[in-house]
Amino acid sequence: MIAPVNALETGHLNKAFGKLVVADDISLALPQGARHALIGPNGAGKTTLINLMTGVLPPDSGQVRLDGKEITGLESDVRVKRGLVRTFQINTLFPKLTPLESVLMAVLEREGISGQWIAPLAARRDAIDEAFGLLTQLGLGDDATRPTHDLAYGQQRLLEIALALATKPKVLLLDEPAAGVPKSESAALFEAIAALPTDISVLFIEHDMNLVFTFASRITVLVQGRILTEGSPDEIAHDPQVREVYLGGADHG
Amino acid sequence: MDPHLWLKRKGRISPYEVAFWPIVLVLPFWLFPTYLSLSSQIAITALFCISLDLILGYAGIISLGHAAFFGIGAYAAGLLSAHGWGEPLSGLAFAAVVAAFAGWIVSFMIVRVQHLALLMITLGLGFLLVELANSLGSFTGGADGLQGIDTWKLLGVWKFSFWGKTAYAYSLAVLFILFLVCRRIVRSPFGLTLEAIRENPDRTTALGAPNRAHLQKIFTLSAGIAGIAGALLAQTTETVSLESLGFQRSAEIAIMLILGGTGRLYGAILGAIIFMVARDQLAGMNPQYWYFWIGLLLMIVVLFMPRGILGGLERLAAFGRRR
Ligand SMILES: Nc1ncnc2c1ncn2[C@@H]1O[C@H](COP(=O)(O)OP(=O)(O)OP(=O)(O)O)[C@@H](O)[C@H]1O
Ligand SMILES: [Mg+2]
């Protein structure tokens, strides 16, 4: 039997900023439909790993494979077109545009009509419906036509996700989607992520262990640029090494 | 909120717009018949200013050398005419193609740099072209300017006369048509994409947009339009000087755009009108102090109306509506 192809896979990725090693021989596999958490202390290199996967940073060595095909040398935007999409830990939005315009832009780019300038924007009715539908689905429908910089922080976090979804990703990399969102709202945000169709494979970074154990089916622990261990939530919760380095001995089992 | 309605409303032609063209641009035709040469210069400058707005206001590319393309267009049309083909419309088309081609070549460099490097490259480009045109004196006329331009009758009917009626109508018509084209562009999917790139290029990349290709496209288009403006000047004044390429023109056009307000097209037109009329009036009174006043005006606008005069007027109108 042939092993099923992983949605996303890294092979021996290495990256150093000067003397600081931030990715040390990272080999990580994300099977189709995964709900995979990447955890680790601040500065462990989690965001850097997403940057390496998406081509924002070039690795010193190693490969990235999407759906079994090597993508290591490809530009970021080309990787996105192939279905590898991320969100940002720090809001990376279009402050003066409205959520409607922002998501619409993403839809138009995906549809390959972003360079078209003969017909006006308003003529793209299907794209507009899709963008607005997505915003409504994430609870941003009422604020879709306000400038993004006027939105509440939590709404901006939702827009981060809406933008990524508008590209119709195959693999979604979420960098602390609930960062800065009040605890009362972060669960709802993760419910939205959990409700994503299973043909989207998700890797998410998250510091809140309750959320991680609730929503991840597998967990990778990253410490100082190295994979400390990987396992099911149960295994990670009871791993003495993890407890010592990361959980500080707190009881999460 | 219906998203379709909202987008349509945003793109629709407002009553202000309908009023703007006849009042601001056609009126001088009757009011100041002796001022027509200034009026056509304003129309030409407004077109040039719009070309800068496309890259600066919409796509966020700062340039201190955009006169390079204006000048290339002027020399292209001028040389074509001086060598025996003075038909104005084909001259415009020729200038547009030459300037757009130059813009396309330069765009490969432009989209790879940002901030200070971008300023220096565009600045350097302007200097380079002035020197080039100067040293090719036998071809371009050098510091004396290009002579021997003869613009044929417009559409074989209207002669470009001393009083400049044809020149003004011609410049205004070209401005109006290209304005409509630019208005289309900025309200299209492409225009939205450019604004998104201006707002956050990292995010557009993360959404799959090939930023550089998009920016190269608008830069090429903008250079072509700047070239048409330059060609209009060459055809209507029947001369081209080195200044058409120079830094002063590049800087002035940026000042006009910032005065009028970036990213709204009308700001470019308004800025050109205010700047050119003020220069005409103030320089008439006291030539030395002209830059004093424009400097003061620029500082006041930047400090108190960060979105330009038109942006300030919009805020005033919104304020008035709320009361
Ligand atoms: N472009 C860069 N140049 C130099 N050092 C960098 C760069 N980006 C990140 N670093 C450093 O690399 C280390 C890993 O950073 P990274 O952002 O990947 O951590 P993280 O695991 O995402 O942390 P956090 O939980 O705080 O988000 C940090 O020490 C950071 O200061
Ligand atoms: Mg991080």
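The values are calculated or read from the model by the stated rules, or taken from the named source; none is laboratory data. Fair warning: this is a prediction, and the values are worked out from it, not measured in the lab. Positions of Cβ are generated from backbone atoms using ideal geometry, with glycine treated the same way; all protein chains shown enter the neighbour counts. Ligands, DNA and RNA are stripped out before the accessible areas are found, and what is left, the full protein with its side chains, is counted by its heavy atoms. Shrake-Rupley method; radii C 1.70, N 1.55, O 1.52, S 1.80 Å.
Here are a few things to note about the model shown:
- Taken together, the criteria exclude A:Q63 from residues that are outside any strand (DSSP E or B), more than 14 Å from chain B (Cβ to nearest Cβ) and more than 11 Å from ligand 1 (Cβ to nearest atom).
- Some residue of segment A:44-54 being touching a Lys or Arg at 6+ places or on another chain (Cβ under 8 Å) and either assigned to a strand (DSSP E or B) or away from ligand 2 (no atom under 16 Å from the Cβ) (or both): no
- Close Cβ contacts (under 9 Å, 6 or more residues apart or on different chains) running from residues in segment A:36-48 that are within 14 Å of chain B (Cβ to nearest Cβ) to residues that are within 11 Å of ligand 2 (Cβ to nearest atom) and of a type in the set (A, V, I, L, M) comprise A:T47/A:I205.
- Every residue from segment A:34-43 that is part of a loop (DSSP other than H, G, I, E, B) and within 16 Å of ligand 1 (Cβ to nearest atom): A:G40, A:P41, A:N42, A:G43
- Selection within segment A:115-144 - in a helix (DSSP H, G or I), among the charged types (D, E, K, R), at the interface with another protein chain (Cβ under 9 Å from one of its Cβ atoms) and farther than 22 Å from A:L189 by Cα: A:R125, A:D129
- Segment A:145-185, subset touching an Asp or Glu at 6+ places or on another chain (Cβ under 8 Å) and within 11 Å of chain B (Cβ to nearest Cβ), residue farthest from ligand 2 (Cβ to nearest atom): A:A166
Residue-by-condition table, conditions (1) among the hydroxyl-bearing types (S, T, Y); (2) closer than 12 Å to B:A229 by Cβ; (3) surrounded by fewer than 17 Cβ atoms within 10 Å (Cβ to Cβ):
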{"residue": "B:H4", "(1), (2), (3)": "no, no, yes"}
{"residue": "B:K10", "(1), (2), (3)": "no, no, yes"}
{"residue": "B:L27", "(1), (2), (3)": "no, no, yes"}
{"residue": "B:F32", "(1), (2), (3)": "no, no, yes"}
{"residue": "B:S39", "(1), (2), (3)": "yes, no, no"}
{"residue": "B:I44", "(1), (2), (3)": "no, yes, no"}
{"residue": "B:C49", "(1), (2), (3)": "no, yes, no"}
{"residue": "B:D53", "(1), (2), (3)": "no, no, no"}
{"residue": "B:L56", "(1), (2), (3)": "no, no, no"}
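- Residue in segment B:184-200 that is within 14 Å of chain A (Cβ to nearest Cβ), under 20 Å from B:F275 (Cβ atoms) and either modelled with pLDDT of 90 or more or out of contact with any helix residue (DSSP H, G or I) (no Cβ under 8 Å at 6 or more places or on another chain) (or both) present: no
- No other residue among A:I205, A:I193, A:I219 is in contact (Cβ under 8 Å) with a residue 60 or more places away in the chain and more than 16 Å from ligand 2 (Cβ to nearest atom) apart from A:I219.
- Subset of segment B:201-221 [open to solvent by less than 20 Å² (accessible area, probe 1.4 Å), out of contact with any strand residue (DSSP E or B) (no Cβ under 9 Å at 6 or more places or on another chain) and within 13 Å of chain A (Cβ to nearest Cβ)]: B:R203, B:T204, B:A209, B:H214, B:I218
- Of all residues in segment A:94-114, those satisfying the criterion of being in contact (Cβ under 8 Å) with a residue 24 or more places away in the chain and assigned to a helix (DSSP H, G or I) are A:P99, A:L100, A:S102, A:V103, A:L104, A:A106, A:V107, A:E109, A:R110.
- Verdict on A:T229 being touching a helix residue (DSSP H, G or I) at 6+ places or on another chain (Cβ under 7 Å) and free of Cβ contacts under 8 Å to residues at least 24 places away in the same chain: yes
- Among the residues examined, A:L8 qualifies as away from ligand 1 (no atom under 16 Å from the Cβ), touching a helix residue (DSSP H, G or I) at 6+ places or on another chain (Cβ under 9 Å) and away from every other protein chain (no Cβ under 14 Å).
- Residue within segment A:71-87 that is within 12 Å of ligand 1 (Cβ to nearest atom), assigned to a strand (DSSP E or B) and not hydrophobic (A, V, I, L, M, F, W, C) present: no
- Where A:V181 falls short, out of the listed (1) open to solvent by 10 Å² or more (accessible area, probe 1.4 Å); (2) away from ligand 1 (no atom under 16 Å from the Cβ); (3) of a type in the set (V, I, T): (2)
- Applying the condition of being touching a strand residue (DSSP E or B) at 6+ places or on another chain (Cβ under 9 Å) and open to solvent by 10 Å² or more (accessible area, probe 1.4 Å) to segment A:199-215 and asking which residue is nearest to ligand 1 (Cβ to nearest atom) yields A:H207.
- In the set B:R187, B:R183, only one residue is open to solvent by 40 Å² or more (accessible area, probe 1.4 Å) and in contact (Cβ under 8 Å) with a residue 24 or more places away in the chain; that residue is B:R187.
- Residue identified as at positive phi and surrounded by fewer than 21 Cβ atoms within 10 Å (Cβ to Cβ) among A:G11, A:G45, A:G55, A:G62: A:G62
- Within segment A:82-114, considering residues that are more than 15 Å from A:H149 (Cβ to Cβ) and surrounded by fewer than 19 Cβ atoms within 10 Å (Cβ to Cβ), the one nearest to the other protein chains (Cβ to nearest Cβ): A:I113
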